[in-house]
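Working notes, beginning with the structure itself.
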Amino acid sequence: MLHFVLLIVCAVAIYLSCEWFVNAVEWLGARLNVGRMAVGTILAAFGTALPESVVTLVAVTTGATPEAKNIGVGAAMGGPLALATVAYGVTGGMLLLQRRKRRAAAAADSTAARGPEQALGSERALGPERALGSERDLRRLAKDQTWFLPVFVVKVALGLVAFAFKPVLGLAFFAVYAVYFWREIRGDHEEDEEGVELEPLKFQPKAESPATWAVVAQTLATLAVIFFASQLFVHQLDAIGPMLGLSASVTALLLSPIATELPEIMNAVIWVRQGKTKLALANISGAMMIQATVPSGLGLLFTSWHFDTALLWSGLITMAAIGYLLLTMRAHKLTPGRLAVAAGFYVVFGLGLIPILA
C-alpha cells in the first residue's frame, strides 16, 4: 500500500514541479534572448532530460557487470520510444479534451442565448479538426523529426553489429547534438502568437520583471525536485510491478520508460493547458534529440552496445511511430486526433513484448 501512496505523491510532486519549471524556463529563455521554440527544444528539453542522462552515465560507467551496464542501454532506447508514442499521444489527447470543452462551452452559450437549434449550428461551426498550426509550423516540426530519424536508425543499426572502433562513434553522437543545439539557439525562430505574455515568476509573483537570480534559482530548485521525485517514482514502479504479476523485464521495458519521461509528458500537458501547443510539441521533439544522442553516445563509449530482440523491437516501433508522424506533418494533416494515435504504437510495443519475453 505504501508503494502506491508514494507513487501518487511522486506523480503530484512531478506535476507541480513541472508547472513551476516551465514558468521559470520561459523567463530563462527571455533572459538569454533565445527564440520561443528554442525554449522548448533546448532549455526545457535539456533540463528534464539531464537527470535521465546522468542516470545513464552512472549505469554505464559504474556498473559492476555487463548486465548492470546494459540498464543504461535500455534507458537510451526506452526514452525515445516513450516520447515518440506516449508523450505525443498524451499531448494529442489533451488537445482533443480541450476541443471537446470548447464545443461544450459554445453549445451552452448558444443554448442560453438562442435556443437548442442555433446551439447545434454553433457547435458545428467549429468544424472538423484542424491541423496543428500552419504549413510553416508543421514543416518546422517535420524538420525536428527529420533530424531525429536518421540518427535513431544509425543508433539501432550499431546495436546489431560489432567492430573494433564502434565505441569511438559515441563521440559522433555528441557532435550531432552539438550541431542541433547550435542550429536551435542561433536559428531564426519567428515569434508566434501563443504564450507571448509571460506569467509572473512563482518565486517573485508581484514583480513585473523578476530578478535573474530568482529565475535561475527557481529553475534549479524545480529540476532538483523533478530529478529526485522521478527516481523515487521509478523505484516504486519496480516494487509494484511484481505485485501486479509483472516480471522485472516487463517492468523495465514497458513501465520504466514512461516513468523516466514523465517530466516531459507533464511539461507538454501544462503547456497545452496554457494554450502553448507549439512549446509542448517543441519540448518533446527537443527531448527526443537529446535521448537519441547523449545517452547513445555514453552507451557506445562504455558498453558493448549490443541489442537483444526486445531492444530491437523497441527501436522498430519507435521508427514506425516517427515515420507515421513525419508523413502526417509533411502532408499538413497532423491533427490532435492523429497525434493521439501515436500512443497506439506503445500498445503495439507492449503486445509484441509478450511473445518476446515469454
Rank Leu198, Leu237, Leu57 by mean-square fluctuation in a GNM of the chain with C-alpha springs under 10 angstrom and give only the top-ranked residue.
Leu198
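Counting other C-beta atoms within 10 Å, which of Glu197, Glu135, Glu184 has the fewest, and how do the rest follow?
Result, fewest neighbours first: Glu197, Glu135, Glu184.
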Segment 1-103: C-alpha pair distances exceeding 24 Å, %
46 percent
Is any helix in the chain, taking whole DSSP H runs, at least 30 angstrom long along its axis by alpha carbon and on average at least 0.0 on the Kyte-Doolittle scale, and which ones?
2-32, 135-158, 212-243, 277-302, 309-330
Under 5 Å between amide hydrogens, which residues at least 5 positions from Gly35 or on another chain qualify, with H placed 1.01 Å from N in the peptide plane?
none
In which sequence would Ile290, Ile317, Ile71, Ile185 go, from the one with the fewest C-beta neighbours within 10 Å to the one with the most?
Ile185, Ile71, Ile317, Ile290
Range in the chain, longest, excluding exposed chymotrypsin sites (Phe, Trp or Tyr not before Pro) [loop by DSSP; at most 12 other beta-carbon atoms within 10 Å]
166-358
Let me see the P(r) profile for segment 239-358: every Cα-Cα distance counted, bins of 5 Å, each bin given as a percent of all pairs.
2, 9, 15, 21, 21, 16, 11, 5, 1, 0
Relative contact order (percent) for the chain, with alpha-carbon contacts under 8 angstrom and 6 or more residues of separation?
42 percent
Once you put a point 7 Å from the Cα of Ile356 and another 7 Å from the Cα of Ala211, both along the Cβ direction, what distance in nm separates them?
5.2 nm
How far apart, in nm, are the 7 Å Cα→Cβ label points at His235 and Leu327?
4.4 nm
Lys pairs, the chain - Cα-Cα below 21 angstrom, 8 or more residues apart or on other chains:
12
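Could you tell me the ratio Rg/Rh of the chain? Both radii from Cα atoms, Rh via Kirkwood. All intermediate terms of the calculation are to be shown ahead of the outcome.
Working: Rg = 21.0 Å, Rh = 21.3 Å.
Taking Rg over the Kirkwood Rh, I get 0.99.
Throughout, read-outs are computed from the coordinates displayed, never taken from laboratory work. Worth saying up front: this structure is predicted, and the values here are computed from it rather than measured. Note that we place each Cβ from the backbone using ideal geometry, even for glycine, and neighbour counts take in every protein chain shown.
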